[in-house]
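Below: the structure, in structure tokens.
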Amino acid sequence: MAEFANPVIDIHLHWCAFGCRYEGVVEELAVLAGAGYEAVVFYPLPGLGASPEKVRDLIPGPYLDLTGIDSRRTALDDLGTWREFYRHLGERNGGAPLPALHSFLDIRAWDGRTDLEPSLDMDPHPGHSGFKDILILEEDGEKMRMPPLRLVPGLSREEYLQRHRMSFGLAEELDRPLVYHADLTLHEDFVVDCLECHPDVRVDIPHFGFSRRRIAELMDRFPGVHTDVSSMASFIRKDTEGYREFIVDHPQRVLFGSDAIASYDLRGSLDHLEAVRELSLPEETEVAVLAGNARRFLAGEPA
């Protein structure tokens, strides 16, 4: 393998297979390994008993456009196809090296009552390194192009918010990191409430929480709060100085991620990698953002 100045960990990849052919995923992972990726983190999504129509509602509109997922698919449980893929890798004999694989269980379909233990049991997989959740209410619909997720398990608004408080409690109880997608321009007070109840949780609020000012305020208050650069490549290129200044000001709290999709093309992660490198960050900061911070986040080490 070629030598690279700084290794890379992509903390934000979606599995999103749902019955798609995933043989090409191995080739794409090999390309990432060849570009210096030491590890990647996928978010397999179980339907947790949801109907085919409701499973489709779990996917944001832009991802539906890219992947073509619909209710006619025979596989409606992303976790099931992740397990199949992991078994496939276990039977792989030789070939190009791949990055180390981690998974965060995406619990967006959870009703707060269903037992998650069967989903956590990943034998022969070593188990999920953390959890992924996404807060989508009526006011998020236009931006995310998806219906409010409380409708999937049939929860009231308050029941749904209580279920999300349980996500923070679950991550704290099991001492696992949580990737928590929330638009801070809409839900900052709720996220603060969750963090105040569970201040020691390691949480990554992706996409700068849709507000650099607000995510910076949370970082100042809560030492476990991080963010990642997933889906931000075009924004970074439009405001290079602004994002460079933010990252330099928070060098131990920004993680590298891309939002690339296994059923579409994982090589999209490389564009985000190039966008970060174009910032010409100080060497120590680039090393931290591309991999060092993610190692700590996964391992539970303090910044």
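Quickly run through the stretch 144-201 and pick out the residues that are in contact with a Phe, Trp or Tyr (Cβ under 9 Å, 6 or more places away or on another chain), polar (S, T, N, Q) and surrounded by fewer than 18 Cβ atoms within 10 Å (Cβ to Cβ).
Within the stretch 144-201, just Thr185 meets the criteria.
Pro153 - would you say it is within 23 Å of Arg295 (Cβ to Cβ) and either at pLDDT 95 or above or not β-branched (Val, Ile, Thr) (or both)?
No.
Identify, please: which residue in the stretch 172-203 is hydrophobic (A, V, I, L, M, F, W, C) and in contact with an Asp or Glu (Cβ under 6 Å, 6 or more places away or on another chain) and is, among those, farthest from Leu255 (Cα to Cα)?
Per the criteria, the residue is Leu186.
Out of (1) buried (at least 18 other Cβ atoms within 10 Å of the Cβ); (2) assigned to a loop (DSSP other than H, G, I, E, B); (3) at pLDDT 85 or above; (4) not polar (S, T, N, Q), what's the single condition that is false for Val40?
Only one criterion in (1) buried (at least 18 other Cβ atoms within 10 Å of the Cβ); (2) assigned to a loop (DSSP other than H, G, I, E, B); (3) at pLDDT 85 or above; (4) not polar (S, T, N, Q) is unmet by Val40, namely (2).
Determine the pairs where a residue that is under 15 Å from Thr227 (Cα atoms), located within the stretch 190-202, has a partner that is in a loop (DSSP other than H, G, I, E, B) and aliphatic (A, V, I, L, M) with Cβ atoms under 9 Å apart, the partner being 6 or more residues away or on another chain.
Close Cβ pairs satisfying both conditions: Val191/Leu135; Val191/Ala182; Val191/Ile205; Leu195/Val201.
Residues to consider are Ile205, Ile215, Ile136; find the one that is within 19 Å of the chain's Cα centre (by Cα), more than 26 Å from Ala299 (Cβ to Cβ), modelled with pLDDT of 95 or more and of a type in the set (Val, Ile, Thr).
Sole residue among the options that is within 19 Å of the chain's Cα centre (by Cα), more than 26 Å from Ala299 (Cβ to Cβ), modelled with pLDDT of 95 or more and of a type in the set (Val, Ile, Thr): Ile136.
Which members of the stretch 202-219 meet the condition of being in a loop (DSSP other than H, G, I, E, B) and surrounded by 23 or more Cβ atoms within 10 Å (Cβ to Cβ)?
Within the stretch 202-219, Arg202, Ile205, Pro206 qualify.
Within the stretch 43-60, can you find the residues that are surrounded by fewer than 17 Cβ atoms within 10 Å (Cβ to Cβ) and either free of Cβ contacts under 8 Å to residues at least 40 places away in the same chain or in contact with a Leu (Cβ under 8 Å, 6 or more places away or on another chain) (or both)?
If the condition is that a residue be surrounded by fewer than 17 Cβ atoms within 10 Å (Cβ to Cβ) and either free of Cβ contacts under 8 Å to residues at least 40 places away in the same chain or in contact with a Leu (Cβ under 8 Å, 6 or more places away or on another chain) (or both), then Ser51, Pro52, Glu53 are the ones that fit.
How many of the residues in the stretch 220-239 are part of a helix (DSSP H, G or I), out of contact with any Leu (no Cβ under 8 Å at 6 or more places or on another chain) and crowded, with 18+ Cβ neighbours inside 10 Å?
Final tally of qualifying residues: 1.
The values are calculated or read from the model by the stated rules, or taken from the named source; none is laboratory data. Bear in mind the structure is a predicted one, so any value in this text is a computation, not a measurement. So basically every Cβ, Gly included, is an ideal-geometry build from the backbone, and we count neighbours across all protein chains shown.
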